[in-house]
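Heads up, the thing below is written out as structure tokens.
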Amino acid sequence: MAVMVIIGVCLIVYVGLAIVYLQQEPKQEELEKQINKTFLIVSKPLPSMKELQTEYDEVNLALAPMPVPEVLETIVGIARESGIDVEPAGGKFHIPPPSEPKEKKMAVGTYEIISFQGIKAQGDYDSVMAFIADLDSGKTKQNMVLKRVGLSQVEIKLDEEEAERRAEFRAVLSAVSDMMAENGITEIPNPINYEGGTATNDMMAFSDNTTTAAEKGYTGTGTPKAGYLLHQHDRIFTDNTTEFETVDYITIPTTLYYYTCEADGSVRQFDGPDIATATEYFSSKEVDIETVAVLNVDLYTKPVKE
């Protein structure tokens with residue numbers, strides 16, 4: 001009986017030691033990881049006095065007092081680099097007069113703060129957001145702090161000439177799309193394309209005046225016009241290829257602007273026939289929407305000691 005008791009005690013002690021051992025192994029691994037991390041940190045060379053002095057000088061330089069005109073020019077420069085029209089005549093960028101400098105005591109010292117309230121920046125979304133991002137990150141001026149941002153959108157009124165240009169562009173785009181759909185084609189065989197170097201305003205020749213009636217599938221005895229035209233186009237009936245009808249996808253035979261068309265139906269607009277010298281227009285939107293940001297910005301500097 002005594003022997004059994006001794007064996008039982010030994011087993012309990014053995015199991016206890018085994019548990020302690022199993023617990024120690026992961027703890028040792030974790031300790032080794034911490035030691036290795038600490039070693040990596042302490043093994044890094046400390047910056048030299050020269051490097052520390054350089055960083056210190058850069059901080060002091062950034063916090064040096066700036067004349068208000070210089071601050072204004074810095075903000076204007078950030079806006080200009082972001083793609084915002086900063087010309088006064090455009091009315092899309094404005095900086096109200098700043099507040100009088102105020103001193104503020106903080107844990108690390110006393111600072112002089114110049115506040116700019118209600119800075120207005122207007123333009124396309126990407127340009128306005130680039131301006132905000134620069135101020136928010138301190139990319140250009142680290143001691144310039146973005147305090148508040150308000151965003152809105154505004155519809156830009158187009159002048160009559162621009163509105164007419166875009167309306168014509170939309171009409172041509174729509175006509176090409178309708179023509180391709182009604183004629184059952186996914187590609188225009190011989191388009192008057194950009195690569196050809198010449199744009200046209202003749203809608204009785206645009207977008208393709210080369211493809212023959214036979215190539216369009218005509219099998220009758222008539223004489224339908226060649227090509228896939230936007231004005232006075234002879235469309236071959238798909239259910240009876242011996243017949244055709246003349247249709248208009250655009251109501252005018254001659255447009256004010258000039259166009260090219262790719263095989264997939266994409267259209268480009270120009271102010272003249274010679275692509276090499278003509279101005280290309282890109283927007284066909286009925287209205288333009290711009291983003292308006294109103295911002296508050298504080299500039300922190302170290303006051304000059306008397």
Using a 7 Å offset from the Cα along the Cα-to-Cβ direction at both Thr242 and Val68, what is the distance between the two label points in nm, to one decimal?
8.9
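Under the definition of Cα pairs under 8 Å and six or more residues apart, what whole-number percent is the relative contact order of the range 259-298? Numbers along the way, then the final one.
Details: 26 pairs, mean separation 9.6, N = 40.
Contact order relative to length: 24 percent.
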For the range 210-246, state which chymotrypsin sites (Phe, Trp or Tyr not before Pro) are in a DSSP loop and have at most 15 other beta carbons lying within 10 Å of their beta carbon.
Phe237
Which of the GluC sites (Glu not before Pro) found in the range 105-214 are in a DSSP loop and have at most 13 neighbouring Cβ atoms, other than their own, within 10 Å?
Glu187
Would you mind counting up the charge near Asp298? Only other residues with Cβ under 12 Å from its Cβ, with Lys and Arg at +1 and Asp and Glu at -1.
+4
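Could you calculate the FRET efficiency of Thr211 with Gln153 from 1/(1 + (r/R0)^6), where r is the beta carbon distance between them and R0 is 41 Å, rounded to 0.05?
Numbers: r = 45 Å, r/R0 = 1.10.
About 0.35, to the nearest 0.05.
All of the numbers you see were taken from the coordinates with simple rules; none came from a lab. Small disclaimer: the values here were computed from a predicted structure and weren't measured. Glycine also receives a Cβ, built like all others from the backbone with ideal geometry; neighbour counts cover every protein chain displayed.
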